[in-house]
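These notes concern the structure reproduced below.
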Amino acid sequence: MSVWSYIRKTPWVHRRRGIEIKQAKIDAILRMPEPRNIHELKSLQGKLAYLRRFIANLAGRCQPFSRLMKKNVPFQWDETCDKAFNSIKSYLMKPPVLVAPVPGRPLIIYVAAQERSVGILFAQKNDEGKENALYYLSRTMTPNELKYSPIEKLCLALIFSIQKLKHYFQSRSIHLVSKANPLKYVMAKPVLSDRLARWYLQLQQFEITYVPQKAVKGQVLAYFLAYHPMPVESELSDDLPDEDVLVIEVTPPWKMYFDGASHKEGAALELYLLHQKEKYYLTPLH
């Protein structure tokens with residue numbers, strides 16, 4: 001698939017004020033009647049999952065539907081489901097606008113941990129010094145992760161964000177904002193457990209600086225995401241980046257990352273190439 005073919009299939013477009021959901025994707029959901037069976041409910045949830053980058057608290061909003069997805073449960077669309085469905089439609093009538101990251105400018109990552117979930121918010125300051133949201137993540141913890149201490153849960157949030165959006169960390173310096181300093185906890189311990197040692201090696205790959213918590217607005221949003229997380233899709237990987245040190249692996253010498261969109265009024269594309277830890281930014285295409 002070509003780059004432009006991929007861009008045409010994305011559910012968002014780049015406009016002057018930021019990244020927006022394509023109106024056709026919104027209209028497809030707004031026109032949907034209430035689901036009459038499990039097949040139609042799965043179709044609805046598939047469309048919503050496609051837009052999950054833009055929908056805050058997607059799992060919480062869809063929670064009333066979860067019981068209908070269980071096996072051997074009669075499909076009964078009740079008032080609670082109807083209220084949740086209408087709430088989602090109301091949300092999509094005024095969808096949020098995200099912004100694309102500016103090459104070479106530091107990113108701000110807010111991490112928060114609750115008893116059973118973690119929340120992450122990626123932001124970046126614009127030319128006026130105002131923070132704009134780029135991406136938000138949230139997930140529940142596995143049974144083993146529930147046993148972690150509070151500071152280890154913050155470490156978990158940071159590692160999870162690295163594994164989900166690694167190319168963001170590779171291309172920019174990161175300012176980490178959280179209630180406590182997970183970097184110090186991992187880096188300063190004289191003796192590390194196997195899990196912390198693996199996290200230590202992953203964190204060493206990137207330029208991450210801890211910043212004391214000051215920005216209340218961003219942190220409040222991160223805590224909100226933690227309180228209303230998306231279900232965990234898979235357990236966190238503890239694999240070392242170069243665990244198989246005796247294995248010779250031939251990989252392509254260049255990696256390309258891009259973020260772009262296309263619509264009837266035009267198109268935009270941000271590209272950068274990564275080669276042996278050197279970053280090369282390409283002129284944006286319009």
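If Pro35 satisfies all but one of (1) assigned to a loop (DSSP other than H, G, I, E, B); (2) buried (at least 16 other Cβ atoms within 10 Å of the Cβ); (3) at pLDDT below 80, what's the number of the condition it fails?
Condition not satisfied by Pro35: (3).
Could you give every pair whose Cβ atoms fall below 8 Å, whose first residue belongs to region 44-55 and is within 18 Å of Glu20 (Cβ to Cβ) and in the same structural domain as Ala84 (by TED's automatic domain parsing), and whose second residue is modelled with pLDDT of 80 or more and of a type in the set (Lys, Arg), counting only separations of at least 6 or pairs across chains?
Partner pairs satisfying both residue conditions: Lys47/Lys25; Tyr50/Lys25; Leu51/Lys25.
What about Phe169, is it in contact (Cβ under 8 Å) with a residue 24 or more places away in the chain and assigned to a strand (DSSP E or B)?
no
I'm trying to understand the selection: among the residues of region 161-190, which are under 16 Å from Leu107 (Cβ atoms) and hydrophobic (A, V, I, L, M, F, W, C)?
Selection gives Ile162, Leu165, Phe169, Ile174, Leu176, Val177, Leu183.
In region 180-221, which residues are assigned to a strand (DSSP E or B), among the hydrophobic types (A, V, I, L, M, F, W, C) and modelled with pLDDT of 90 or more?
Listed by number, the list holds a single entry, Ile208.
All but one of (1) modelled with pLDDT of 85 or more; (2) part of a helix (DSSP H, G or I); (3) not hydroxyl-bearing (Ser, Thr, Tyr) hold for Val177; which doesn't?
(2)
Please verify whether Leu68 is surrounded by 12 or more Cβ atoms within 10 Å (Cβ to Cβ), free of Cβ contacts under 8 Å to residues at least 60 places away in the same chain, more than 15 Å from Leu92 (Cα to Cα) and of a type in the set (A, V, I, L, M, F, W, C), treating the condition exactly as stated.
yes
The values are calculated or read from the model by the stated rules, or taken from the named source; none is laboratory data. Everything numeric in this text was worked out from a predicted model, so none of it was measured. A quick note on method: Cβ atoms are made from the backbone with ideal geometry, for glycine too, and the neighbour counts reach across all protein chains shown.
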